[in-house]
Amino acid sequence: AYDRELQKTHNSSRYYDMFVMKMNSSGDKIHYSTYIGDNYSESRPHIAIDEDLNPIVCGNTNSNTFPVTADAIDASFNGGENDVVLFKLNDNGSKLLYSTYFGGDGFDEVGDMELVEDHLVYFVGTTNSTDLQTTSGCFDNDYTYNKTDENPYIVCLNLSSNSIQTCSYLSLGSADAL
């Protein structure tokens, strides 16, 4: 397992880590189970499996010391209440192959994730960050203030080139959310 210990450094039941578990097809045997997280909470994981059977997980964190890899697009917590984290484990769950933060100066939350062509990870969510790393030519480069102070966004992260291929706000009006 990548991490066998639940990180409970704040002695509170409201802090929790994500975990990844691989079972056999009949569901009666666990191949591995591992935690991932750090000093605060990780939540709402979405998972996909690549062609090499490596799990790719996208979720939320408010930990400022979530484990990231040297090649992370964003190696530090960006502030606000939450950032998105995306990580990839090897097929037996014992090694962190890739891990990065994504977010801005506010609250960033992932709503869903999809793996396409084994190296393109699309994820969508809501944010009140005004400084996401939007890409040239995207649908909307600017945060739009609205009644809920939340804007939807979409990101395409290219794991092969370790780059943000697309990042855009998706706000269309007064109360947008995904």
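The values are calculated or read from the model by the stated rules, or taken from the named source; none is laboratory data. From a predicted model like this one, the values you see are computed outputs, not experimental measurements. Backbone-built Cβ (ideal geometry, glycine too); neighbour counts: all protein chains shown. Surface accessibility is based on the protein's heavy atoms, side chains included, excluding ligands, DNA and RNA. Shrake-Rupley method; radii C 1.70, N 1.55, O 1.52, S 1.80 Å.
Taking only protein heavy atoms and a 1.4 Å probe, the accessible area of the range 20-111 is 47% carbon and sulfur.
At a temperature of 10 °C and a viscosity of 1.306 mPa s, determine how fast the range 75-153 diffuses translationally according to Stokes-Einstein, using the Kirkwood radius over alpha-carbon pairs as Rh; express D in µm²/s, rounded to the nearest whole number. In µm²/s, the coefficient rounds to 114.
For the range 87-129, a Kirkwood hydrodynamic radius built from all Cα pairs, placed in the Stokes-Einstein relation at 4 °C and 1.567 mPa s, yields a translational diffusion coefficient of 107 µm²/s. One compactness figure for the chain is 1.04, namely its Cα radius of gyration divided by 2.2 N^0.38 Å. Computed packing ranks the peptides 91-100, 149-158, 46-55 as 149-158, 91-100, 46-55, most packed first, by mean other Cβ atoms within 10 Å. Can you tell me the relative contact order of the chain? Whole percent, Cα pairs under 8 Å, sequence separation 6 or more. In percent, rounded to a whole number, it is 15.
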